1. Identify, please: which residue in the range 322-345 is over 20 Å from residue 638 (Cα atoms) and acidic (Asp, Glu) and is, among those, surrounded by the fewest Cβ atoms within 10 Å (Cβ to Cβ)?
2. Out of the residues in the range 253-279 meeting the condition of being open to solvent by less than 50 Å² (accessible area, probe 1.4 Å) and either of a type in the set (Gly, Ala, Ser) or within 29 Å of residue 416 (Cα to Cα) (or both), tell me which one is modelled with the highest pLDDT.
3. Can you spot a residue in the range 54-65 that is under 12 Å from residue 152 (Cα atoms), open to solvent by less than 30 Å² (accessible area, probe 1.4 Å) and not in a helix (DSSP H, G or I)?
4. One residue is enough: does the range 86-97 have a residue meeting the conditions surrounded by 20 or more Cβ atoms within 10 Å (Cβ to Cβ), over 30 Å from the mean Cα position of the chain (by Cα), touching a residue at least 40 places away in the same chain (Cβ under 8 Å) and assigned to a loop (DSSP other than H, G, I, E, B)?
5. When only residues in the range 399-427 that are on the phi < 0 side of the Ramachandran plot and modelled with pLDDT under 90 count, which is least open to solvent (accessible area, probe 1.4 Å)?
6. When you go through 224, 229 one by one, which is the residue that is at pLDDT below 95, surrounded by 20 or more Cβ atoms within 10 Å (Cβ to Cβ) and of a type outside the set (D, E, K, R)?
7. Suppose we filter 185, 126 for residues that are within 22 Å of the chain's Cα centre (by Cα), in contact (Cβ under 8 Å) with a residue 24 or more places away in the chain and in a helix (DSSP H, G or I); which single one remains?
8. Which condition number in (1) small (Gly, Ala, Ser); (2) modelled with pLDDT of 95 or more; (3) open to solvent by 10 Å² or more (accessible area, probe 1.4 Å); (4) in contact with a strand residue (DSSP E or B) (Cβ under 9 Å, 6 or more places away or on another chain) is the one that residue 174 fails?
Amino acid sequence: MSERTGNQPDLSRLLNPSAIAIVGASTNPKSISGQPLAHMLACGFEGKLYPVNPKREEVQGVKAYADVLSLPGPCDAAVIAVGREHVPDVLEQCGKAGIPYAVILTAGFSETHTESGAEMQHRLNAAIAKSGVRVVGPNCVGVMNVIKRAYMAFGGALSDKTLRPGPLAIVSQSGGFGQSMMTFANAHGVGSNYVVSCGNEADLSFFDFAHDFLERDEVKMIATYMEATTEGMQLRELGRHALEVGKPILMLKVGNSGAGRRAANSHTGKLTADYTLFRTTFREGGFIEVSDLDEMADVARLVMGGKYPKGRNLGILTGSGGWGVIMADHSEKNGLNLPSTSSEHQAKLHALNSTFSSVANPIDMMANYNDQYKAIECVMDDPAFDMFLVRSAAGPDVGIWADRFIETAAKTDKPMIINWSSIPTRDVDVREKLERAGYLCANYAGRAARAAAIFADFAIKQDRFRKGELQLSRPIERQSLDIKTGSGACSEQVSKAYVGRYGIPVTSEAMLSLQAVLTLDKSPVPFPVAVKLASPDIPHKTEADAVRLNINSIADLKRAAREVYDGGRRYAPAARIDGISIQEMAGGMEVIIGAVNDSQFGPYVMVGLGGVLTEVLGDVAHRFAPVGPETAREMLNELRGRDILKGVRGAPPADIDALVDVIVRVSWLINDHANVISEIDINPLFVRPAGKGVVAADALIVPVNKTGPVESSGSEP
């Protein structure tokens, strides 16, 4: 293990115990309290086992002890499986006995959402603090070290003697599902060294274990099941840690729908934030988000292979034209690129004197699988390709094909993914040989392409991190803003002044009283103009019928001023009115840019195209603040309506460079003043044709809802 930093606990004695007490150990090996001892005896745990049961002299053939204080020697961990009312007392005994860790299998605490459960949780928390024992759980399935067969847990999966150690560590907020992850990965050739069920996380958390595993040499990747967390900033820090050490975290995040969130809350006793912020976190950090166990196993196989693609360019080799088309369709559907084989390498393929239906991409050898390895050798160094998807041979020669494939593929550092052509129950030994050699064999073209795409996204992100491409430079020095917290939303004029200080262009305007407007003989701002009511108590003027657009004459200007004033009075009779704002009538493509300081995840910026695309279709991209220009462009490319920015139906392309600059500046504005700003809304931002810039027609800044002196000091990323 590398040197630990910060306050991260050293979990070595818990994860690699030499002596374990089982408190409440049962003579029934099938009961929850009997299974930990039974499994460790059956699977050959070589450490010391101390059953604790005051009613028995021995349990399952092992000498038993009346209580924890009677144990004959030191223990690294205690498994607690007693009635919930006894758990606090047992925990205090563990503290007196010098046992540093406890795994509490017992349920009936905060997860029950009952008064009695809350009271028991309170008693448990007090016992944890008093005893000094670090606790896993309660309400967990347990902790497993597959290397040593230290199964401080229960569950039918532990009776499987084929479980093998491997490069995977599993951290799960669901005990049962965590064991399913272990057995499923094992069945697909991916062994697990450690499996942890977090339970209620009364003490040791999901993050404690994940950080620990990232630092262990025997762990090459982590698979996680997460239902909920209120620690968004910790999740982001975990993602950064994963990038730093170069170990991916395969993340299966559930509870993302309305029903799923309710179920997750019932299961874990926590409320989860909006899934959008989780997805943004996974995109930012060293995570690979997967949607099911199949994807988890497939991507884990690619990670085990140790070869990472440098980009998304995929070469396809097949002996079947139909399968080539299917693989190409699935690859492009998943965002992979299929460039043509370079002319130089096409010539090499023709020189093989083999029959090709195509030497472009897909490369189709028309069932001549015996020479496929020669084709692979010809194109593996083609700079057009970052990785390859290969349709395997089938039939009596598949073993020979596999040997040649393994020998050939070993010569390149580019990933080779196999679309397995045999039916799953045939040639199992050959497939296992390929998987042992480090190659993913996916039965279906869609699975293969999906795994390749997910893996490529992570590899590119990891490469950018290592090269320092994610480092940011400021577009502007931090600006001082006199923002008062707890005072309600800033007016449009004040909000525009603040965003203007960060270099964001805003519309020109003149502020006058209603009486002054009614005496004008010419407009203070050239026509056409927009007329708005200025009131700090009416942040959304459209709802109050307090906006008029495209005003072109003095008479219309005076009429509009009276109408917006009356509209505001009807909407909010007691509202403070600062005056009538006469603004230049901006034009261009409407874009919405916003920023929020989330209480769990911190500040983030978002962008969407105006109108129905944002309000109805939810076509919005998010990133945590601050961002650089490259990330801002990625945000725009994620929008479903992105082609509108390029110009459609005769419209000129928009000034994307200027739009990118505003996204970056807004992200720094929220980052610098996150302790005093709750939300920023620029809507609309008009994006003019390329080279003509942008202008904010309206802006709203909402201070945080707290009173008292707050210094608006920014924080660097």
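The values are calculated or read from the model by the stated rules, or taken from the named source; none is laboratory data. Here the structure is a predicted model, which is why all the values come from computation and not from measurement. Glycine gets a Cβ as well: all are built from the backbone with ideal geometry, and neighbour counts include every protein chain shown. Only protein heavy atoms, including side chains, enter the accessible area calculation; ligands, DNA and RNA are left aside. Shrake-Rupley method; radii C 1.70, N 1.55, O 1.52, S 1.80 Å.
1. 344
2. 253
3. From the range 54-65, those under 12 Å from residue 152 (Cα atoms) are none; that's our starting set.
No, there is no match, as no residue in the range 54-65 is under 12 Å from residue 152 (Cα atoms), open to solvent by less than 30 Å² (accessible area, probe 1.4 Å) and not in a helix (DSSP H, G or I).
4. no
5. To start, the set of residues in the range 399-427 that are on the phi < 0 side of the Ramachandran plot comprises 399-426.
If we keep only those that are modelled with pLDDT under 90 too, we end up with 421-426.
Numbers: 421: 32, 422: 11, 423: 83, 424: 78, 425: 118, 426: 135 Å².
Ranking the candidates gives 422 first.
6. Result: 229 is the single residue among 224, 229 that is at pLDDT below 95, surrounded by 20 or more Cβ atoms within 10 Å (Cβ to Cβ) and of a type outside the set (D, E, K, R).
7. Just a single option satisfies the conditions, and that option is 185.
8. Result: residue 174 passes all but (2).
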